[in-house]
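> Supplied in structure tokens, the structure appears directly below.
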Amino acid sequence: MTTVQFLVPVRDAERKVFDRVLELADGFGAVAGDYDERAEIAVGHLDALHDADLDRAVLPERVGGLGLSYSVFGRLVCALAAADPSTATIWTMHAGSGVALAEITFDTLGAYFAEEFLVGKRFANALSEPASGNRFLNPQQEAVAVDGGWALTGAKRFVSGSEIADYLLVNALVDGVPTFFGVVPDDTVTVIPIWDTLGLRATRSQLLAFERTVLRAEYRGRRPGPGDFAVIPAGLPAISLGIADAALAALVEHARSRVILGAPLSHQQWVQHEVADVQIRLAAAHALYERALWEADNALPSFFPNLSRAKYLANKVAVDVAQLGVRVGGASGYLKTSPIQRHLRDAEAGQLMAYSTEVLAGVIGAEVLGVPLPE
Ligand SMILES: Cc1cc2nc3c(=O)[nH]c(=O)nc-3n(C[C@H](O)[C@H](O)[C@H](O)COP(=O)(O)OP(=O)(O)OC[C@H]3O[C@@H](n4cnc5c(N)ncnc54)[C@H](O)[C@@H]3O)c2cc1C
């Protein structure tokens, strides 16, 4: 295995988890296509990641974990996504909600949620709503006061890994204010099985219905904010970068092995030029992402806007690389047996996940032009 270099100092414990996850990723990659075909969650992969201490690693030190740096975290998600983007997505959502619940309830039940996360309980983000569009932090559904908390009737959509979750991170309006809760899904929470998608099929990001589900007062947290470990914003660019890396590797392998009129496809000039174009843009996306992670590790305020830019670029480049893969792959890349078609399907999902490239373009464009954004 080649030794990966980081822009920040890496502790031995971080390196150990990182190396172990890289080893596991090799095995995940070999079967990712099968799980995708069956649209089945690779529960064994998630168990193996937990056993490799990844959950303890991502939990910040202040809530009892190892506290991975952003730089190591980003590389980990990227490597996982290159091998198995559905597992990478479920784990990122699980880590995002588990870490968030430990942090936002720090003064009350934080230690409890941290302990549950450390022993291997599964968490999922149930934030997106039918009427909130991409603005998943702005719930539109109002929870009404009941004994012991507030009751939510409505739906949360595209909840990755929800069918295996022990806890959900849910938001709703309480007295008109977005409010966050940990929820143990009981029989008031049901799955509406819509999940049969083009890509990231093994995430099983289902639609959940809530029927007077009690959002318990003691499981209420504060709004996530600056200073919390930003798992989802830091993880989402890596999912697209990993998919793009895998798509480029599949393209290169095909171009080198496919012989047309006596010479490998890789010798054709159009292939070289187009590969140069996507490889350079992919390297630029990685560099922007690395910079944003470094800024996050150094608590520079620019890290958040740059993570948004990195997500935008990574989402777009992943689709470009994957589309080129389909052209280079020809009809053989179009066969279900080829990973090329799966990379294209998976790449499309990155730009849909919040914040979508459209929403990001609106925010970044307004910022560049000096146009004030609504609160
Ligand atoms: C594979 C996958 C996994 C996901 N996992 C989770 C999860 O675990 N938890 C979770 O809570 N959510 C999850 N999501 C939901 C996701 O993050 C989005 O919030 C959700 O997809 C938005 O709804 P929609 O895709 O139907 O798009 P719509 O909101 O209907 O968007 C349609 C179009 O309108 C644009 N648009 C939407 N809102 C705005 C706006 N405010 N301004 C400008 N343009 C806008 C979009 O960019 C898009 O082009 C997942 C989605 C996918 C695809």
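> Find the accessible area per residue for the stretch 1-89; the probe is 1.4 Å, ligands and nucleic acids are left out, and the unit is Å². Provide the component values of the computation, followed by the final result.
Values: 3720 Å² over 89 residues.
I get 42 Å² per residue for the stretch 1-89.
> May I ask you to order 211-218, 284-291, 310-317, 252-259 by the average number of other C-beta atoms within 10 Å around their residues, highest value first? Show your work: numbers first, answer last.
Numbers: 211-218: 16.8, 284-291: 19.0, 310-317: 26.1, 252-259: 14.9.
Put in order of decreasing packing, that is 310-317, 284-291, 211-218, 252-259.
> Moving to a separate point now. Based on alpha-carbon atoms only, what is the radius of gyration of the chain relative to the globular estimate 2.2 N^0.38 Å?
Details: Rg = 20.8 Å, N = 375, 2.2 N^0.38 = 20.9 Å.
Normalised Cα radius of gyration, the chain: 0.99.
> Taking the alpha-carbon distance from Lys156 and a cut-off under 21 Å, which lysines remain once sequence neighbours fewer than 8 residues away in the same chain are dropped?
Lys121
> Around Leu207, under 9 Å between beta carbons, what's the net of Lys plus Arg minus Asp minus Glu among the other residues?
Charge balance in the 9 Å sphere: +2.
> Which value, to two decimals, describes the C-alpha radius of gyration of the stretch 310-349 once divided by 2.2 N^0.38 Å?
Details: Rg = 10.3 Å, N = 40, 2.2 N^0.38 = 8.9 Å.
Taking N as the residue count of the stretch 310-349, the ratio is 1.15.
> What part of the accessible area of the chain, given as a whole %, is carbon or sulfur when the probe is 1.4 angstrom?
On the way: 9400 of 16600 Å².
Here carbon and sulfur together make up 57 percent of the probe-accessible area.
> If you average the C-alpha positions of the stretch 151-169 and of the stretch 287-331 separately, how far apart do those two centres end up, in angstrom?
28 Å
> What Kirkwood radius, in Å to one decimal, follows from the Cα pairs of the stretch 129-257? Before the final figure, lay out each step's value.
Working: mean 1/r = 0.0597 Å⁻¹.
Mean inverse Cα-Cα distance, inverted, gives 16.7 Å.
> Quick one: net charge around Gly65, please, counting Lys, Arg +1 and Asp, Glu -1 for every other residue with C-beta under 12 Å from its C-beta. List each step's numbers first, then the result.
Values: positive: Arg56, Arg62; negative: Glu14, Asp53, Asp55, Glu61, Glu103, Glu115.
Residues close to Gly65 contribute a combined charge of -4.
> Write down the Kirkwood hydrodynamic radius of the stretch 192-269, to one decimal in angstroms, obtained as one divided by the mean of 1/r over all alpha carbon pairs.
Radius from the Kirkwood sum: 17.9 Å.
> Find how many whole Å separate the alpha carbon centroid of the stretch 54-125 from the alpha carbon centroid of the stretch 172-242.
14 Å
> 222 nm [θ] for the chain, helices only, -39500 (n - 2.57) per DSSP H run of 4+, per residue, to 500?
On the way: 11 runs with 196 residues, N = 375.
It comes out at -17500 deg cm²/dmol, rounded to the nearest 500.
The values are calculated or read from the model by the stated rules, or taken from the named source; none is laboratory data. Please read all numbers here as calculations on a predicted model, not as lab measurements. Methodologically, a virtual Cβ is constructed for each residue, glycine included, from the backbone with ideal geometry; neighbour enumeration extends over all protein chains shown. Surface areas here come from the heavy atoms of the whole protein model, side chains and all, with no ligands, DNA or RNA. Shrake-Rupley method; radii C 1.70, N 1.55, O 1.52, S 1.80 Å.
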